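Engineer: Take a look at the following structure, please.
All of the numbers you see were taken from the coordinates with simple rules; none came from a lab. As the structure is a prediction and not an experimental result, all values here were calculated from the model. Here the Cβ positions follow ideal geometry from the backbone for every residue, glycine too, while neighbour counts run over all protein chains shown.
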Amino acid sequence: MAEAVAVKAKPKKKVKSWEQKKKTIGYVFTTPFIIGAFFFLLLPVITSLIYSFSNLNISASGYILENVGFEHYRYLFTIDPDFLGNIGAMLLDTMPNVIVALIFSFFIASLLNQKFHGRALVRGIFFMPVILSSGIYTQLQTGDTLSNMYSSAQSTSDAGSVTAAFTTTLANMGLSEGISKFLVDSVGRISSIVAMSAIPIIIFLAGFQSISPSIFEASYIEGATKWEVFWKISFPMVSPQILVSLVYIIIDSFTTSTNAMIQNIHTVTFNNLNYGRGAAMAWVYMLVIFIIIGICFFIVNRLVFYYD
């Protein structure tokens, strides 16, 4: 009787699902960032925290750390007459820019999502501030010509002045002097607002383009107007991007090199060579930023519409 030969079945190769493939691709692309964040972000952050509790003395053989506990933090909150006031002034100066930049980037993205000739060129123009970080652009950011014109218009009787006419128009609209000043200041700082809006515009634009066209087609068939489609479909479905853009704008505006607090921290740390106090200032400032982000996240997250 012939012996039956048992044939061992080959194990089937496990097929990855599309979700698993996407996760794998995501890990591949984020691995360089994770490695870079560990060596170039996490380690310096830990080092700065150690510095904030120490006095750093440079010697011929290197540097010596002298542990002083919370001395630097006590100095900032109880002795330094300017630190807390500078943080408050910075908040009052920066938060209006954050609000205006968020609104500006949202509506510019909604316009760029429309089909028109030269759309790619216009998109490139709005992204140029990210690429062009030259000295000329920095000078444009620090310029506040329209605000200076506004101030001079308050003390001049020249009715033909452009700024005087603009402020008079706002006053005739029933707007208070505070609101008029806010609008003029916002226009005067348009260069910095455009610079802050470049990345959020792309975020919003990606959100608009991720909406399925079939949703719009169904709404138009049902008789919805473009105004209703925008506020009842487009706006709710890109609301998660509002939260992401808000966090980005806050971090970007509060950590830019032209920020007064960043310049103050740089002066104390590198010009005055007080590394311990500079590190303590940076940690307090970072804590303030996290608190602002937490408050904004708590408020805005309630208004965000998440869909599957």
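Engineer: Over all alpha-carbon pairs in segment 197-266, figure out the percentage whose distance exceeds 22 Å. Could you put the intermediate results ahead of the total?
Structural biologist: Numbers: 1002 of 2415 pairs.
Above the 22 Å cut-off, segment 197-266 has 41 percent of its Cα pairs.
Engineer: Can you sort K23, K115 so the residue with the fewest Cβ neighbours within 10 Å comes first?
Structural biologist: Numbers: K23 12, K115 5.
Least crowded to most crowded, the residues run K115, K23.
Engineer: Now a separate question. Could you work out how much longer the chain between A37 and L303 gets when fully extended? Use 0.36 nm per residue separation minus the Cα distance between them, nm to one decimal.
Structural biologist: Working: separation 266, 0.36 × 266 = 95.76 nm, distance 3.17 nm.
Full extension of this stretch gives 92.6 nm more.
Engineer: Right, something else. How do H72, H266, H117 rank when sorted from fewest to most other Cβ atoms within 10 Å of their own Cβ? Walk me through the numbers on the way to the answer.
Structural biologist: Values: H72 25, H266 14, H117 7.
By the 10 Å Cβ count, ascending, the order reads H117, H266, H72.
Engineer: Mind jotting down the distance between the C-alpha centroids of segment 219-245 and segment 16-67, whole Å?
Structural biologist: Using only Cα atoms to place each centre, the spacing works out to 40 Å.
Engineer: Could you work out the Kirkwood radius for segment 61-105, taking every pair of different alpha carbons, averaging 1/r and inverting it, reported in Å? Kindly include the intermediate steps, with their values, before the conclusion.
Structural biologist: Working: mean 1/r = 0.0730 Å⁻¹.
Over segment 61-105, the inverse of the mean reciprocal pair distance is 13.7 Å.
Engineer: Modelling each spin label as a point 7 Å along the Cα-to-Cβ direction, I'd like the I291/S219 distance in nm, to one decimal.
Structural biologist: 4.0
Engineer: Using 1/(1 + (r/R0)^6) with R0 = 41 angstrom and r between the beta carbons of I79 and F235, what's the FRET efficiency to the nearest 0.05? Numbers along the way, then the final one.
Structural biologist: On the way: r = 49 Å, r/R0 = 1.19.
Result of the calculation: an efficiency of 0.25.
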